[in-house]
Amino acid sequence: MPDRAGRVRAFLEAYGELPAFDVGEAIASRMEMTMALELSLAEAGVEPQRSWVAEGSQVRGAAEVRWVRENAELLTP
């Protein structure tokens with residue numbers, strides 16, 4: 001399993017001082033926006049997004065978003 005908290009910490013440290021925010025929710029929201037874009041492209045027939053959605057990427061993505069929200073404390077530096 002990758003060190004997700006370490007990756008998040010490295011990402012945030014690269015930006016220096018940031019205002020306080022909910023890291024887990026920010027990650028989950030960004031994932032949902034990416035999924036929405038993927039679905040929109042798929043519905044327009046754009047490849048490879050059409051194939052990804054047909055192969056279940058939205059279901060896997062939703063499970064990952066749930067995991068992030070349920071385990072946000074593991075991602076918070």
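The table for this structure:
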| quantity | calculated |
| --- | --- |
| Count - residues of the stretch 19-76 that are farther than 26 Å from Arg7 by Cα and hydroxyl-bearing (Ser, Thr, Tyr) | 2 |
| Within the chain, helices (runs of 4 or more DSSP H) holding 1 or more residues that are touching a Ser or Thr at 6+ places or on another chain (Cβ under 7 Å) and buried (at least 16 other Cβ atoms within 10 Å of the Cβ) | 23-43 |
| The stretch 1-23 residues that are in contact (Cβ under 8 Å) with a residue 60 or more places away in the chain, paired with ones that are in a helix (DSSP H, G or I) (beta carbon under 8 Å, 6 or more apart) | Arg4/Leu74; Arg4/Leu75; Ala5/Leu74; Ala5/Leu75; Val8/Val23; Val8/Ile27; Val8/Leu75; Leu12/Val23 |
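Every read-out reported here was derived from the displayed coordinates using simple, explicitly stated rules and does not represent laboratory data. Since the model is a prediction, treat every value here as computed from it, not as a measurement. Don't worry about glycine lacking a Cβ; one is built from the backbone with ideal geometry, like all the others, and counts go over all protein chains shown.
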